[in-house]
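Since every read-out is calculated from the coordinates, none of them should be taken as a lab result. Quick caveat: nothing in here was measured; it's all calculated off a predicted structure. Heads up, the Cβs are rebuilt from the backbone with ideal geometry, glycines too, and the neighbour counts pull from every protein chain shown.
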Amino acid sequence: AQSVTQPDIHITVSEGASLELRCNYSYGATPYLFWYVQSPGQGLQLLLKYFSGDTLVQGIKGFEAEFKRSQSSFNLRKPSVHWSDAAEYFCALGNAGNMLTFGGGTRLMVKP
Amino acid sequence: DVKVTQSSRYLVKRTGEKVFLECVQDMDHENMFWYRQDPGLGLRLIYFSYDVKMKEKGDIPEGYSVSREKKERFSLILESASTNQTSMYLCASSTRTQGAQEETQYFGPGTRLLVL
């Protein structure tokens, strides 16, 4: 069975500081991985996705993620956080039927 | 621009009521999905549909049913609402191509349902 774990439920960073959100997955085949962001009162928006090729993936809003097969991880990073980045972030794993398995989410708070 | 709309942002219903949640997408997508979102559990798939009149159970289908009579519309039905169905419900859609795993799902804004 496939699963996704986001170990950090809440993270607080200062504006301008760097950010790393962790995501670990369990899947028997080549993983297809996504990061989504949910701003308060909004639906989910895709930040980036990985399905092959370069293991460092660039996304929107200055985010990037690195796929590490040996660690079964797909961590999301941003070099300098802005107050508008405060939101909930979800890592997800896709299967052949385009079904997604989501992690529990990480809520990011940004201190001024 | 991609658009997935849900009929209500907030709903309050009584235990035992029949509840309809509607989702419409304007992207001519084949696939549509219903999720529920609960704190700490992320999103869990209730039902999905690959085509008109087709439906498949997701991870937590108990207490729910769905209907897809038209390609653009996917309805979630709570036959007899219960308090443990209080949650945020999110609809999503995606296109279907050979590389289905990599297709992006586009989400609606969600319906927050409270069952009293």
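Report the percentage of all Cα-Cα pairs in chain A whose separation exceeds 21 Å, rounded to a whole percent. Here the tail beyond 21 Å accounts for 30 percent of pairs. Averaging Cα coordinates gives a centre for the stretch A:23-38 and one for the stretch B:36-99; these two points are 21 Å apart. At an R0 of 35 angstrom, the distance between the Cβ atoms of residue B:69 and residue B:41 translates into a FRET efficiency of 0.70. The equivalent ellipsoid that matches the C-alpha gyration tensor of the protein assembly as shown spans semi-axes of 29, 21, 16 angstrom, in descending order.
Straight-line reach from residue B:71: taking Cα to Cα under 17 Å and skipping same-chain neighbours fewer than 8 places apart, the aspartates and glutamates in range are B:22, B:26, B:28, B:30, B:51, B:56. Annotation: amide H of residue B:47 within the under-5 Å range of B:34, B:58, sequence separation 5 or more or interchain, hydrogens built in the peptide plane.
Taken along its three principal axes, the alpha carbon spread of chain B comes to 43, 31, 26 Å, from the longest extent down to the shortest. Peptides A:84-94, A:66-76, ordered by how many other C-beta atoms sit within 10 Å of their residues on average, highest first, read A:84-94, A:66-76.
Among the GluC sites (Glu not before Pro) within the stretch B:15-103, those in coil by DSSP and having at most 10 neighbouring Cβ atoms inside 10 Å are B:62. Pairs exceeding a 32 Å alpha-carbon distance, out of A:111/B:18; A:68/B:55; A:49/B:55; A:68/B:53: A:111/B:18; A:68/B:55; A:68/B:53.
With each label modelled as a point 7 angstrom along the Cα→C-beta vector, the residue B:12-residue B:53 pair spans 4.1 nm.
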